[in-house]
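Engineer: Quick one: structure below, then a few questions.
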Amino acid sequence: MSTIQLTMVTTKRMDADSHTRALRVKALATEIGFDAVGITGCELGEAFHRYADQMAAGYGADMAWLHEDEERRGLRSDVRRLHPQARSVVVVAANYGSDTPGYLEQPPTSEQGWIARYAQGKDYHVHVRKMLVRLARAFQADPALGYPSHAHRVFVDTGPVLEKALAQSAGLGWIGKNTLLLHRTLGSYVFLGVVLTPLELAVDPPGLDRCGNCRRCLDVCPTDAFVAPYVLDARRCIATWTIESDEPTAVIDPEALGQHVFGCDLCQEVCPWNTKAPATTHAALAPRPENLRPELESLMGLDQDAFKRRFPKSAVRRTDGQRMDAVARLITERNRS
């Protein structure tokens, strides 16, 4: 057999092995309970440049971790800068959709506030990370995969990883005009997690944009936060105002705020891809009754200990009692004027 023939045979065998391993990885992710899984390579390419351009334009607001110095920002261009042993990226999704009425379907009263759906249940960082750790351990236990669990690195919205771009590259969906990942059956109510792995895995084709001419998400935004389709200026986003701002009252436009005390779902609620999205099967991610249209008065005057008791193991603790008090009072005073 010639050297060329031997090379071709070896390549085919490696490709077959990478495909088999990819199928096993996906099966394990499904067994653990993830609602979707895809695989991609380590480089982001054009998606990273779009992100860098938007950060350079100031669209990252005051969220310094999004637009750090160039060296730090460059970590997001190739996951091997974070994990040099990485050869593939496994991207998973956990559905947090709910069949409870949304903000537009059943608007809060003037005495009620709105907490974004993603924060109505248990803190997704905790829930999804536990699932990712189980997945890494499953990789270790599987004789077809074999790397120890510590050889894989997992992220859940907690490091310099562009999860949405990786998810699109891995075929989980496409990034819509509202800048969120859209899955064909799950819609946009999904939490994303990634595993950076030394496993050589066959990659999936990237997701194709299916937004077409629709612009409902752009038109519903009360603050005109979308500079253009697929481009969000976080400085004008209600989620940034109510979650990330150190001084909410200094940046919030009270007339555009509505009843939002923590985040905003409007651009998701009007998306056609969310109309038939199923409710979550993850009990931890389902809405807690007390987080559905809470009374504004109950959110005022909470010291930090009381705030933590009110929102145990909750993503709402991204803010604090003082800032939530300020937002709730701002809404109340506006409604009374």
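Read the figures in this text as sums done on the coordinates, not as results from a lab. Bear in mind that the values here come from a model prediction, so they are computed numbers and not experimental data. Here the Cβ positions follow ideal geometry from the backbone for every residue, glycine too, while neighbour counts run over all protein chains shown.
Engineer: Express the relative contact order of the range 216-336 as a whole percentage, based on alpha carbon pairs under 8 Å and six or more residues apart in sequence.
Structural biologist: 29 percent
Engineer: Please compute the net charge surrounding Leu145, taking Lys and Arg as +1 and Asp and Glu as -1 over other residues with Cβ under 13 Å from its Cβ. All intermediate terms of the calculation are to be shown ahead of the outcome.
Structural biologist: On the way: positive: Arg21, Arg24, Lys26, Arg87, Arg137; negative: Asp17, Asp142, Glu200.
Charge balance near Leu145 sits at +2.
Engineer: Okay, next question. What percentages make up the Cα-Cα pair-distance distribution of the range 216-336 when the bins are 10 Å wide from 0?
Structural biologist: Once binned at 10 Å, the Cα pair distances of the range 216-336 give 12, 39, 35, 14, 0.
Engineer: Please give the net charge around Met300, taking every other residue with its beta carbon less than 13 angstrom from that of Met300, where Lys and Arg add +1 and Asp and Glu add -1.
Structural biologist: That works out to -3.
Engineer: Can you give me the span-like helices of the chain, meaning DSSP H runs with 27 Å or more of Cα extent along the axis and Kyte-Doolittle mean at or above -1.0? Walk me through the intermediate numbers first.
Structural biologist: Values: long enough: 3-32 (43 Å, -0.12).
Counting only whole DSSP H runs, the qualifying helices are 3-32.
Engineer: Per DSSP H run of n ≥ 4, the term is -39500 (n - 2.57); total these for the chain, divide by its residue number, and report the mean residue ellipticity at 222 nm rounded to 500 deg cm²/dmol.
Structural biologist: Values: 11 runs with 110 residues, N = 337.
Helices in the chain give a 222 nm mean residue ellipticity of -9500 deg cm²/dmol.
Engineer: Let me ask another. Based on other C-beta atoms within 10 Å, arrange His150, His260, His183 from fewest to most.
Structural biologist: Details: His150 9, His260 25, His183 21.
Arranged by neighbour count, lowest to highest, His150, His260, His183 become His150, His183, His260.
Engineer: Another question about this same structure. Contour minus end-to-end for Thr158 and Leu82, with contour as 0.36 nm per residue of separation and end-to-end as the Cα-Cα distance? Write out the running numbers ahead of the final one.
Structural biologist: Details: separation 76, 0.36 × 76 = 27.36 nm, distance 1.27 nm.
The Thr158-Leu82 span can extend by a further 26.1 nm.
Engineer: What's the FRET efficiency of Arg336 with Arg288 using the Cβ-Cβ distance as r and R₀ = 30 Å, to the nearest 0.05?
Structural biologist: Values: r = 28 Å, r/R0 = 0.94.
Rounded to the nearest 0.05, the efficiency is 0.60.
Engineer: While we're on this one: Show me 30-40, 86-96, 130-140, 234-244 ranked by packing, highest mean number of other Cβ atoms within 10 Å first.
Structural biologist: On the way: 30-40: 20.4, 86-96: 24.9, 130-140: 18.8, 234-244: 22.1.
By packing density, highest mean first, the sequence is 86-96, 234-244, 30-40, 130-140.
Engineer: Now for a separate question. Lysine pairs in the chain with alpha-carbon atoms under 30 Å apart, 8 or more places apart or on different chains: how many are there?
Structural biologist: Total qualifying Lys-Lys pairs in the chain comes to 23.
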